[in-house]
1. Can you work out the accessible area per residue across the stretch 1-107, with the rest of the protein chains kept in place, probe 1.4 Å, in square angstrom?
2. Only four residue types carry charge here, +1 at the Cβ of Lys and Arg and -1 at the Cβ of Asp and Glu. Report the dipole size of the stretch 122-253 about the Cα centre in Debye, rounded to the nearest 20.
3. Express the carbon and sulfur contribution to the solvent-accessible surface of the stretch 255-346 as a percent, rounded to the nearest whole number, probe 1.4 angstrom.
4. Just to confirm a number: summing +1 for Lys and Arg and -1 for Asp and Glu over residues other than Q105 whose beta-carbon lies under 9 angstrom from that of Q105, what do you get?
5. Could you compute the net charge surrounding N195? Neighbours are other residues with a C-beta less than 9 Å from the C-beta of N195; K and R count +1, D and E count -1.
6. So which GluC sites (Glu not before Pro) in the stretch 41-84 end up in coil per DSSP with only 14 or fewer other C-beta atoms within 10 Å?
7. Rank these residues by their accessible area, most exposed first, probe 1.4 Å: V151, V363, V454.
8. Suppose all protein chains stay in the model; what accessible area per residue would a 1.4 Å probe give for the stretch 182-231, in Å²?
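The values are calculated or read from the model by the stated rules, or taken from the named source; none is laboratory data. No experiment lies behind these values; they were computed from the predicted model shown. Here the Cβ positions follow ideal geometry from the backbone for every residue, glycine too, while neighbour counts run over all protein chains shown. Ligands, DNA and RNA are stripped out before the accessible areas are found, and what is left, the full protein with its side chains, is counted by its heavy atoms. Shrake-Rupley method; radii C 1.70, N 1.55, O 1.52, S 1.80 Å.
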Amino acid sequence: MVRWFKQGKVIQSNHYTSHHDNHVTISRLTITPSRTLHSRQIVCRAENPLLSQATLEDIYTLEVSYRPNATLTLGWPNTETNLTEGKDLHFQCRVDANPPPYKIQWYKDGSELVGNSSTSGPVPILREYTFSIQHIGRRHAGTYHCVASNVEGDSPSNVIDINVRFAPVCSHSNPMVVAAPIRKPTSIKCQVDANPHDRLSFTWFLSSTNSRHHSKQLRDSQYVRQGRQSTLEYTPRSKEDYGNISCRAHNDVGPQRAPCVYILVSEGPPEPVRPCRVINITSYAAAIECRPGFDGGLPQKFTFEVHQLDNHKLITKKTSSDNSIYLSDLQPFRRYEIKVTSHNARGSSQFRSLKIKTQPKPVIKMRTPAYVHSMVTSPRPPRPTPPRLVTTVAILKTSSSTTVTSAGLESQPKEEFYDEPGHAEIDLREKYTWILGVVLGTITVSVILLCALVITFGRKEARAAAREKALAGFCPCRTGEKEELADGNTAAGTEPRRSSGGNLGWYHHEQRGVQDQSCSWPSRCYRIRNTDRDHLL
């Protein structure tokens, strides 16, 4: 009787089959591999009921390969996902896999994280199964997960959402200039970023021009709160009411470290524009853009004056509310000065100057094909010794006609266009073509001669080998044997030899024996003549 056990527990008989044949029992167990069966022991035990001591068993340990099962948890001492700015954050990626994972990848908001890739702020520390961020900030808030990979596949973990709580900070850069007309209400908006922001409180302060070192808190009735923003309604009554106004917010994390500062000034002329820049420039047009300065508290416009520097002539003058301009109808390769002035209802600012230079007139130059030479009617200049003769054909497109011209020496000056590549050096090209033809011809003749020598040598070697093979079946005459010639005379036999003319010596006209490869010696010996040799070969 055969029974099966798994981890000491009997496996039901419906999972295996047993077959008895001639005192031999064969039992087969069928199981479905799973990650829970990995490293489990299967025992096959054979027992004979008639013999109490006759028991045999075999133990097999299962080795199951399966995809990773990754679980992401917070590492000590983190116990919750709501963290305060400045704390440390630790993750652990627990992986159950066989074989073990060969890589662990970390992701934040769907993007893979790479250790030591941050250029500012805290740097993430990545290890195989852990991920840490020291002194976290608000930019570290988001969703995190890990992905484990082995030969069976990839497996992502659960997602953990990290919420970073931080004190309020200004949403805009400090400080900001606000123009307020005297004895007229002006709205000043203070907006901050904070987490949490549901219970924000704001406080406004004024530092006047006469008492900049002393600030007074403004009344709560002068401002209102709407979400992350507070709006102040302020009316300056005199010059002493102008100065710096600051706004400071507070939430559950703490107060705002650096307040939002606003410089309150009276309405006046606008400031000059910031340095202008050229967006694009060609031979006939240019695009200019200027960054506006402070508008003085009133809507402002911009005036662009374009002067040609050669004769200081005013080319054009345009005024608009746009801080950029597109200039057309310019002349190629000319210098211009652009003066930009901003103005509002209170006056104008000083102008900002920008000097530009247009591109040269475009010139299309082509490589000269052979048939263009027939189009050039002017005679070619003689070849001087110092400068190099270059025949250049260019098609110049103008507004009136299309002209085919031929330039002279390369050393001559060029005017009103760029010296771009594209010249056709006809003489050098013909010279190099002729030299290349001679070289290729020489190489071709050398290859043909070499092939002829190889073929001739091979034929001689083949004929010599054929002669040796043909004479291999003849035996040489022994000394003293006679040859019966056609005229009845006899001659004494000699050792076989080959003369320089290729004549053969004395040979028996009998072939070698097949079995012992020995020569039989008949009573007669014959001379193989040239005619017989040719017939034989």
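1. 72 Å²
2. Values: 16 positive and 11 negative charges, 209 e Å.
So the magnitude is around 1000 debye.
3. Working: 2450 of 4980 Å².
So the carbon and sulfur contribution to the accessible surface is 49 percent.
4. -1
5. Taking every other residue near N195 into account, the sum is 0.
6. Within the stretch 41-84, the qualifying GluC sites (Glu not before Pro) (loop, at most 14 other Cβ atoms within 10 Å) are E63, E80.
7. Numbers: V151 115, V363 35, V454 95 Å².
Most to least solvent-accessible, the answer reads V151, V454, V363.
8. On the way: 3300 Å² over 50 residues.
Result: 66 Å² per residue.
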